[in-house]
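The values are calculated or read from the model by the stated rules, or taken from the named source; none is laboratory data. Please read these numbers as outputs of a predicted model, since none were measured by experiment. Note that we place each Cβ from the backbone using ideal geometry, even for glycine, and neighbour counts take in every protein chain shown.
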Amino acid sequence: MKPRNKLAIALGAGAAFALVAASPAMAVKRGGVLNIVVGSKIPSYDGHRETTFGMIHPIRPFYSLLIRVNPDNPQSTSDFQCDVCENWKVSDGGKTYTFKLRENVKFHDGTPMTADDIVATYHKLIFPPKGVASSRKAFYGMVDKVEKTGKHEMVFKLKYATGGFIPALATPFNFVYSKKDLDTHGYAWHQKNINGTGAFTFVQHQPGAFVEGKRYANYHLMGKDGKAKPYLDGYKAISAPKMAVRLQAIRGDRAQIEFRAFPPKARDDLKKALGDKITVQESDWNCVMGFSSNQKLKKFQDVRIRQALTLAMDRWGGSKYLSKIAIVKTVGGMVFPNHKLAASKAELQKMIGYSSDLKGSQAKAKKLLADAGVSGMKVELLNRAVDQPYKVVGTWMLGQWKKIGLVPNQIVLPTGPWYAKFRKKKDQETMIDFNCQGVVNPLIDASKWQSSDIATNNRGNYIDRTMDKWYDQMNRTGDPAEARAIMRKYEQRGLDEKAHFAVNFWWYKINPHRSYVKGWNIAPSHYLNQSLDQVWLDK
Amino acid sequence: MLKYTIKRVLLMVPTLFGAACLVFFLLRLIPGDVCELRMSGEGGFVDNEAIAVCQEELGLNDPKIVQFGEFIYGFMVFDLGQSMWTGKAITHEINLRFQLSIQIAIMATFISVIIAIPLGTISAIRQDTWLDYVVRTFSIAGIAIPSFWLGIMIILGLLISTQAWLGEPWMPPIEYVSPFVDPVGNMVQLIWPAIATGYRYSAVATRMTRSALLEVLREDYIRTARAKGLFEKIIINRHALKNSMLPVVTVIGIEFAFLMGGLVVTEQVFNLNGVGKLFVESVQNHDFNMTQALVMLVALIFVVTNFVVDIFYAWLDPRIRYS
Amino acid sequence: MATVDVSADGGIEELREKKSFGQKTVEMIKKQPLGTVGFLVVIAMIVMAVGANYLTPYDPEENDFANMLIAPGWEFLLGTDQFGRDIMTRLIYGARTALFVGFVASFVGATIGLVLGVMSAYFGGTFDLIFQRVMDVFMAFPLIIMALAIVSIFGPSTQNVIIAITIPFIPRCARVVRSNALAIREIPYVDAARALGYSHARIILRHMAPNVMAPFLIMITAFVGQAILLEASLSYLGLGVQEPTAAWGLMLQGGAEEYIESEPWIAIFPGIAISLAVFGFNLFGDSVRDVLDPRLRTQ
């Protein structure tokens, strides 16, 4: 058996009762209501359909997943834990995943959960009937069949073995729904109604104001003190669109925590004002800030121009300054920093734009522009009307391009028209581009660089079959060393040789919160670790 | 009088219809699509099928004329439909926010009247004296200072001062409770934005009071009253003020109508879940149904307020009815 | 002190005591102190806007990260912002943007309002009725939403911000002008002029328009202040002028959210600039109105 699969089995079997050896032994206290501030708006409650954190933060605690990122160790990109399952086995050369489910899970309306519910949920996710939207269907291209094999046992049959399946399964949007609800009320019911197996039951939602949840007494996971979780009596997710308000709320103790991120200055101000009463958790974020040029336009079909644009970026220097005023920090390539598949600093510096010789890069850029006959050309950067980090990084980028003699100009659009411009009209020149994902899954996250007829979030409008071929090979190999080698080739071509899409920085997540909130550990994505079952208040 | 009233009522219709047309077409000119926004999240995967399903559901593929017809019909039978963003009934969404906005509007108007009438009167009586200048400076400052800046300063001030004096920083609550459920909690949150807004609006009312009173004071009958030897105070209170109230009431009425849809920035700063916030969100989300409903609501309030004022004027001043 | 002199041809002239320019100015200042203050503010802004290039040594738009977030001092009088740009410089250049937006929006808006209002009053009848309804529609339509829509459709540029701000001014000016012009229309000499064969245009331009000049000028000065504030509000909502242009509303928005506590100068100075400017224009406008409107003069 390949070493990869042995690891998978070991993880699966051992994850069921992961006792946390690392955290200090602190007696958890029960009770209290956690107030969260959320900056975005809730569309519907259906996790299978929605894509925004504005839904995840208030609604996730009402539901469970099949497997999830380990809430005590969410920074790990390979530590996945059973939620409603007990364990899982991998067989058939990595093509069959058999899940044994817990038998004590009940929906909030009293219905016991069985394998039927999991199968129904995943059919909705992976093979939705016509007229039903499932926004992350593409993650499960490797799945052939989902079947029930017992009252509390079910199986996923894959078309090919891949390391990208388990992380995809842990997607926080994969709420477990009850088959009874889907059969009785149809596939649209969950948009406006909530019936889950999560640690909290739905109390009320005042539109535009807050969502309130109450402790669910029959939750299936046990706490550190031997009794059922959650530790909290309830929570309230309060809507606050302006960052200044969210910051003030935490300072004035109207809310204790915010799960997206604050900019560095906000963290500094809170720390200065409240000292020890504030704890700050920081980590790299599974989001990339970069830019791409529209290869539908003739001028950007010249690779020299694309290369020049990325050569001009002083990434190492920029990181130093921008990390003080924006939610970006780490300089990286296509893969999440410090992941097994990521390039080392030495490997990065071999690519254009990552050299520590800034002057050399700038000279090279100027020469490329001169060769292409476009020295001093105008550059139009399409940006999104959101401060952090889009507008801040955009302003920095303009300064960088000025230094190689270009004449840059920024067009900032509100989100709606911004999407319309590059999705419908496709007439943008260069645009700030980004790639935000949930679970760190570099094999799937790198799908963006495939040709635009395959990758729906490719905004460069190009066809490059070599990239497509390498992407497939990367995903189908079971050998991690081979995957890494192909990833290096893929990255080199995408960022350097063809300069399809340049990566400037990886985002940086900063979560300051009130120190008496315990049990929540920062994950590399604001979608992850939001079930709140392990959070407690030390008051 | 009846004929005049009926005429004014009939004139409301084309205005409302015009507003409906304007909002309908304006919204559809904005590039972008509510389904794209919902399904595209923060730029991760985009599932074109999911977007297509959503568009079909919301009737975005129907011909424009059909959409317009549904909109007008819905408005006439008071069925505002569902929000395109959440799928919930629009009346349900607006209800709570409307309560909050009305309360702020009433409180702000009240505060602005309390400030404006005395100050305007003083300013008029003592025209061109130092008192007049101070009052005018104070009231213009109300317009000049950007409201969001003022709001941020207020909250920051509260946080810093409470921390300095009491040890723990305090700020007003960020959630709304109905005044019938918890009057104290409600007042503690809403008094600050009401003051900030009321101060701003008092400026307009102060100036109107001042100029209306000045005009009245020039009238002949006031001159006669003075010649008769009446005390100045009685002249002001019994004759001048009463007669100058008409334009002042008009201004206050119109400002109240504007308050309903116009508090967008204040609501953002104080995190009020009001109509203004909903408005901005629904435009940004391309939620046509919701934006249309809100525009019609605000237009209706505006038109009705104007109507009431017109009738009031006509009742007081018969010459207007017969023009 | 006036003396009446009966001159040789029987006419009566008033011979005023000739006052020097200086004395007249002092008199005006004493009569309208607030207006004078306002006038000075307006002049100061115009000087800043026109002479920006000469008044400041720094570039308002160039990033200089080595000097980011420096407190006010000798080198940078009002401090620097998060991109290392000098606040004082950006304030001065911002005056240019503010005045440009303010003047264009208010002038264009008021002028269009003037023309439409006068035409509506003059022609009356159905045209007037329809016109009034259209104006009502635009007044009933919430301003911010209109601005949001315009900026979303056409993109946030200085030009589109001006358009977005101009639109609400038109109906307001038109209404005021119309009611003034209506008063004129009733006067018999208009009928006489028509009888004499004067064209519509001539009557409008030579007889009606001059009489509505007073409210027109008053509205223009009022609008400038409002335009500056509107631009600031739109910038706060992210709809106004965009980076890296120096504009007060944009500076306020950028600084107010994140830097208000530890680097307050980023938000405080633009706030003061906006307040002062609007203040000045309003005071000035008030005095203009007081002077032009005889009913309000001190007895």
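Mind checking whether some residue in segment A:469-484 is crowded, with 22+ Cβ neighbours inside 10 Å, modelled with pLDDT of 85 or more, at negative phi and touching a strand residue (DSSP E or B) at 6+ places or on another chain (Cβ under 6 Å)? No, every residue in segment A:469-484 fails to be crowded, with 22+ Cβ neighbours inside 10 Å, modelled with pLDDT of 85 or more, at negative phi and touching a strand residue (DSSP E or B) at 6+ places or on another chain (Cβ under 6 Å). The criterion of being touching a residue at least 24 places away in the same chain (Cβ under 8 Å), more than 9 Å from chain A (Cβ to nearest Cβ), surrounded by fewer than 18 Cβ atoms within 10 Å (Cβ to Cβ) and in contact with an Asp or Glu (Cβ under 8 Å, 6 or more places away or on another chain) holds for residue B:8. The number of residues in segment A:270-308 that are in contact with a Lys or Arg (Cβ under 8 Å, 6 or more places away or on another chain) and either closer than 20 Å to residue A:400 by Cβ or facing another protein chain (nearest Cβ under 10 Å) (or both) comes to 12.
Of the helices (runs of 4 or more DSSP H) entirely within segment C:1-80, those holding at least 1 residues that are modelled with pLDDT of 80 or more, on the phi < 0 side of the Ramachandran plot and hydrophobic (A, V, I, L, M, F, W, C) occupy C:33-50. Could you tell me whether any residue of segment A:369-380 is more than 14 Å from chain B (Cβ to nearest Cβ) and under 27 Å from the mean Cα position of the chain (by Cα)? No: segment A:369-380 contains no residue that is more than 14 Å from chain B (Cβ to nearest Cβ) and under 27 Å from the mean Cα position of the chain (by Cα). Of the residues that make up segment A:440-447, is at least one in contact with a His (Cβ under 6 Å, 6 or more places away or on another chain), modelled with pLDDT of 85 or more and closer than 30 Å to residue A:166 by Cα? Scanning segment A:440-447 turns up at least one residue that is in contact with a His (Cβ under 6 Å, 6 or more places away or on another chain), modelled with pLDDT of 85 or more and closer than 30 Å to residue A:166 by Cα.
Restricting segment A:243-274 to residues that are among the basic types (Lys, Arg) and touching a residue at least 60 places away in the same chain (Cβ under 8 Å) leaves a set whose member that is surrounded by the fewest Cβ atoms within 10 Å (Cβ to Cβ) is A:271.
Residue-wise test of (1) of a type in the set (Asp, Glu); (2) within 20 Å of residue A:181 (Cβ to Cβ); (3) not in a loop (DSSP other than H, G, I, E, B).
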residue: A:61; (1), (2), (3): no, yes, yes
residue: A:68; (1), (2), (3): no, no, yes
residue: A:71; (1), (2), (3): no, no, no
residue: A:119; (1), (2), (3): no, yes, yes
residue: A:125; (1), (2), (3): no, yes, yes
residue: A:149; (1), (2), (3): no, no, yes
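Here residue B:30 passes the criteria (1) within 22 Å of residue B:258 (Cβ to Cβ); (2) within 14 Å of chain A (Cβ to nearest Cβ); (3) touching a residue at least 60 places away in the same chain (Cβ under 8 Å); (4) buried (at least 18 other Cβ atoms within 10 Å of the Cβ) except the one numbered (1). Specify the residue that is nearest to the other protein chains (Cβ to nearest Cβ); the eligible residues are those in segment B:156-193 that are of a type in the set (A, V, I, L, M, F, W, C), touching a Phe, Trp or Tyr at 6+ places or on another chain (Cβ under 9 Å) and within 18 Å of residue A:238 (Cα to Cα). Step by step, filter segment B:156-193, then rank; the result is B:174.
Return yes when residue A:58 is within 14 Å of another protein chain (Cβ to nearest Cβ), touching a strand residue (DSSP E or B) at 6+ places or on another chain (Cβ under 7 Å) and within 30 Å of residue A:207 (Cβ to Cβ) and no when it is not. Yes. Note on segment A:35-55: residues that are closer than 18 Å to residue A:256 by Cβ and buried (at least 24 other Cβ atoms within 10 Å of the Cβ) total 3. Cβ-Cβ contacts under 6 Å between residues 6 or more apart (or on different chains), taken from a first residue in segment B:260-282 that is at the interface with chain C (Cβ under 8 Å from one of its Cβ atoms) to a second residue that is modelled with pLDDT under 85 and not in a helix (DSSP H, G or I), are listed as B:261/C:142; B:268/A:242; B:276/B:263. You will find that of B:106, B:117, B:102, the residue that is surrounded by fewer than 16 Cβ atoms within 10 Å (Cβ to Cβ), in a helix (DSSP H, G or I) and away from chain A (no Cβ under 14 Å) is B:106 and no other. Sort out which residues of segment B:38-90 are surrounded by 15 or more Cβ atoms within 10 Å (Cβ to Cβ) and among the hydroxyl-bearing types (Ser, Thr, Tyr), and write them in order of number. Within segment B:38-90, B:40, B:83, B:86 meet the criteria. Restricting A:444, A:432 to residues that are touching a Phe, Trp or Tyr at 6+ places or on another chain (Cβ under 8 Å), more than 28 Å from residue A:174 (Cα to Cα) and either of a type outside the set (Ser, Thr, Tyr) or not in a strand (DSSP E or B) (or both) narrows the list to A:432. In segment B:160-175 there is no residue that is without any contact (Cβ under 8 Å) to a residue 12 or more places away in the chain, more than 30 Å from residue A:269 (Cα to Cα) and assigned to a helix (DSSP H, G or I). Against the numbered list (1) in contact (Cβ under 8 Å) with a residue 60 or more places away in the chain; (2) crowded, with 24+ Cβ neighbours inside 10 Å; (3) within 23 Å of the chain's Cα centre (by Cα), residue C:104 comes up short only at (2). Given the structure, is residue A:190 in contact (Cβ under 8 Å) with a residue 60 or more places away in the chain and part of a helix (DSSP H, G or I)? Yes; evaluated as a whole, the condition is true for this residue.
Residues in segment A:203-218 that are surrounded by fewer than 22 Cβ atoms within 10 Å (Cβ to Cβ), closer than 16 Å to residue A:64 by Cβ and not basic (Lys, Arg): A:217, A:218. The set of residues from segment A:255-269 being at pLDDT below 90 and within 14 Å of chain B (Cβ to nearest Cβ) comprises A:266, A:269.
A single entry from A:69, A:132 fulfils the requirement of being in contact (Cβ under 8 Å) with a residue 40 or more places away in the chain, surrounded by fewer than 20 Cβ atoms within 10 Å (Cβ to Cβ) and in contact with a Phe, Trp or Tyr (Cβ under 7 Å, 6 or more places away or on another chain): A:132. Taking the criterion of being within 28 Å of the chain's Cα centre (by Cα), assigned to a helix (DSSP H, G or I) and within 14 Å of chain C (Cβ to nearest Cβ), the residues of segment A:313-368 that qualify are A:315, A:316, A:317, A:318, A:319, A:320, A:321, A:322, A:323, A:324, A:325. Scanning segment A:230-244 for residues that are modelled with pLDDT under 90 and within 19 Å of residue A:517 (Cβ to Cβ) yields a total of 1.
With respect to being assigned to a helix (DSSP H, G or I), within 11 Å of chain B (Cβ to nearest Cβ) and touching a residue at least 40 places away in the same chain (Cβ under 8 Å), residue C:275 falls outside the description. For segment B:240-258, the criterion of being touching a residue at least 60 places away in the same chain (Cβ under 8 Å), under 30 Å from residue C:151 (Cα atoms) and part of a helix (DSSP H, G or I) is met by at least one residue.
Does residue C:94 satisfy being more than 13 Å from the chain's Cα centre (by Cα), closer than 23 Å to residue C:72 by Cα, surrounded by 24 or more Cβ atoms within 10 Å (Cβ to Cβ) and of a type in the set (Gly, Ala, Ser)? The answer is yes for residue C:94.
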